[in-house]
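Just below is one structure, and these are the notes that go with it.
The values are calculated or read from the model by the stated rules, or taken from the named source; none is laboratory data. From a predicted model like this one, the values you see are computed outputs, not experimental measurements. All Cβ positions, glycine included, derive from the backbone under ideal geometry; neighbour counts span all protein chains shown.
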Amino acid sequence: MKLQRTNLQQYKTMKLKTIILAGITGLFAACSGGEKPVDLTAGNKQAVNKYQLGTIAEKALSSVARLPGQLNPYNEVNLFPKVNGFVKNLYVDRGSIVKKGQLLVTLEAPELESQLQAANSRYLQAQEIAQASREKYQRLKEASIEPGSVSPLDLDNAVSKMKADEAMAQSERSNVASVRTIQSYLNIYAPFDGIIVQRNVSPGALVSPGKATDQPMLVLQDISKLRLEVFIPEDFVDKVDLNQPVTFTFNAMPGLQQNAKISRSANALGSMRSEAIEIDVLNKNRLLKPGMYAEVKIPMVSGAKSLLVPNSAIVRSTEREYVVVVRNGKANLADIKEGLISNDSTEVFGSLKADDKILLHASDEIKQGDILQ
C-alpha cells in the first residue's frame, strides 16, 4: 500500500514538471517568432510637427472701401431764450413744420416793460433839456448881433451846454433802443425752414439763457437736405479717391441705392484718428430721417495695394494683435493693425513687407526668438 502511494506522488511530480517545461518552451517559441514586441514610446518618437509657413502677399484687396455712415440734419439749432421770462404762448409742437421767420414762442417779462417806460421817460426829459439849451443859444446868438450886448464867453458857454444836452438826449435815445431790442427777445422766431423735433417747455414755464449742456426750449432741424457723415480711418485716408462719386445704401431701405459726390472733407484727423467727410443727400419726400445708418462704398485710388495675410496667421490678445514673422529660422512677433477683411485674408499695417515668411497657424505660445523648425 505504501508503494502505491509513493508511485502516485512520483507520477504527479513528473506531470507537473512536464507542464512547466511545455510552458517555458512555448514562451521561448513566441519570443523567437516573427512578431516584434510593442514599443509603448512610439508616439513620443514620432517626428516633431513642422510649422506651416506662408508668404505676405501684396495686392489690391478691394476696388472700394465699405465704410459706415450716418445721416445728420443739414442745419440744427437748439433754441434758448436770450432773457429771463415766462412762456406766454407756444405756437408749435414736436413735428411742426415751420418757415424761416415764423413766430414760435412768446415770453413775458414785466420788468422789461418797466425798464422801457423808465428809459422813455429819461429820453423825453433829455429831449426837453436839449431843446431848452438850443433855444437859449439861439436867443443869445441873435442878441450878439448888437455889439457889446452879449459877451463871447456867454455865447461859448451856451454852445457847449447845447451840445452836451443834445449828446445826453442821444444817449437816452440809444438806451431806449437797447431796451426795445431786449424786449424783442421775448419773441422767438425760426432761424430757417425746418421741423421741430423736440419740445421741452409748456406755457407758464420759467426759462432763462442756458449753456450748451442745458436743455433747450425747442430743437429745430432742417431735413430737406441731409448730411451723410462718414469717418475714414487713418490707414485708408491715402487710399480712397475722394474725387470719385460714391455709392451708398441705407440699412432701413436696402433696395434704394444712391450715387453722389463727396461735398466736403475735414482735411484733418479727429479724436478717433479718422477723417470726416460729408455727402449732401436731398430729402424731398422726407423719407430719410436723421440718425439713419448707411453703407458707403468709396472708390479706392487706382493702383493702391495692400499687404494681405491669411486670417489664421493673426494672433489676437487683449493687449495686442500680431503675426509671427520667420527670419533666419527664428520667431519675430510683429505688431499689426487690421484693415479690410475678406473671406480668407486680412489687410494689415505694420513693420512688414511683401514676401515676408509668416507662420500660418500661430498662437500665443510662440515667444519672441523661438526657433522654428
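For the residues 232, 262, 223, the requirement of being assigned to a loop (DSSP other than H, G, I, E, B), among the β-branched types (Val, Ile, Thr) and under 23 Å from the mean Cα position of the chain (by Cα) singles out 262.
Of the residues making up the stretch 247-288, those that are among the β-branched types (Val, Ile, Thr), out of contact with any Lys or Arg (no Cβ under 6 Å at 6 or more places or on another chain) and more than 30 Å from residue 351 (Cβ to Cβ) are 249, 262, 279, 281.
Here is the figure for the stretch 147-199: residues that are touching an Asp or Glu at 6+ places or on another chain (Cβ under 7 Å) and surrounded by fewer than 18 Cβ atoms within 10 Å (Cβ to Cβ) total 2.
Filtering 130, 119 for residues that are in contact with a helix residue (DSSP H, G or I) (Cβ under 8 Å, 6 or more places away or on another chain) and farther than 21 Å from residue 84 by Cα leaves a single hit, 130. Every residue in the stretch 242-251 that is surrounded by 12 or more Cβ atoms within 10 Å (Cβ to Cβ) and within 21 Å of residue 74 (Cα to Cα), please. Correct list: 242, 245, 246, 247, 248, 249, 250. For the stretch 189-206, the count of residues that are closer than 30 Å to residue 93 by Cα, without any contact (Cβ under 8 Å) to a residue 24 or more places away in the chain and of a type in the set (S, T, N, Q) is at least one.
Tell me which of these residue 360 doesn't satisfy, since it passes every other one: (1) free of Cβ contacts under 8 Å to residues at least 40 places away in the same chain; (2) within 13 Å of residue 53 (Cβ to Cβ). The single condition residue 360 does not satisfy is (1).
Scanning the stretch 274-311 for residues that are surrounded by 17 or more Cβ atoms within 10 Å (Cβ to Cβ) and of a type in the set (Val, Ile, Thr) yields 277, 279, 281, 296, 298, 309.
With respect to residue 239, is the statement that it is in contact with a strand residue (DSSP E or B) (Cβ under 6 Å, 6 or more places away or on another chain) and modelled with pLDDT under 90 true? Yes, satisfied.
Where strands (runs of 3 or more DSSP E) sit wholly within the stretch 276-373, those with at least 2 residues that are under 27 Å from residue 242 (Cα atoms) and of a type in the set (Ser, Thr, Tyr) occupy 345-350.
Residues in the stretch 82-100 that are at pLDDT 90 or above and in a loop (DSSP other than H, G, I, E, B): 91, 92, 93, 94, 95, 96, 99, 100. Restricting attention to the stretch 302-323 and to residues that are hydroxyl-bearing (Ser, Thr, Tyr) and more than 17 Å from residue 366 (Cβ to Cβ), the residue that is modelled with the highest pLDDT turns out to be 318. When each of 59, 88, 82, 99 is tested for being in contact (Cβ under 8 Å) with a residue 60 or more places away in the chain, surrounded by fewer than 16 Cβ atoms within 10 Å (Cβ to Cβ), of a type in the set (Lys, Arg) and within 21 Å of residue 211 (Cβ to Cβ), the lone residue that passes is 82. Restricted to the stretch 235-254, and to residues that are assigned to a loop (DSSP other than H, G, I, E, B) and charged (D, E, K, R), which residue is nearest to residue 306 (Cα to Cα)? Looking at the filtered set, the residue picked out is 239. Listed conditions (1) exposed (fewer than 14 other Cβ atoms within 10 Å of the Cβ); (2) not in a strand (DSSP E or B) are all met by residue 257, apart from (2). For the stretch 324-347, a residue qualifies if it is in contact with a Gly (Cβ under 8 Å, 6 or more places away or on another chain), modelled with pLDDT of 85 or more and among the β-branched types (Val, Ile, Thr), and exactly one does: 336.
Here's the yes/no breakdown for (1) free of Cβ contacts under 8 Å to residues at least 12 places away in the same chain; (2) under 17 Å from residue 234 (Cα atoms); (3) of a type in the set (S, T, N, Q):
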residue	(1), (2), (3)
267	yes, yes, yes
278	no, yes, no
326	no, no, no
341	no, yes, no
354	no, no, no
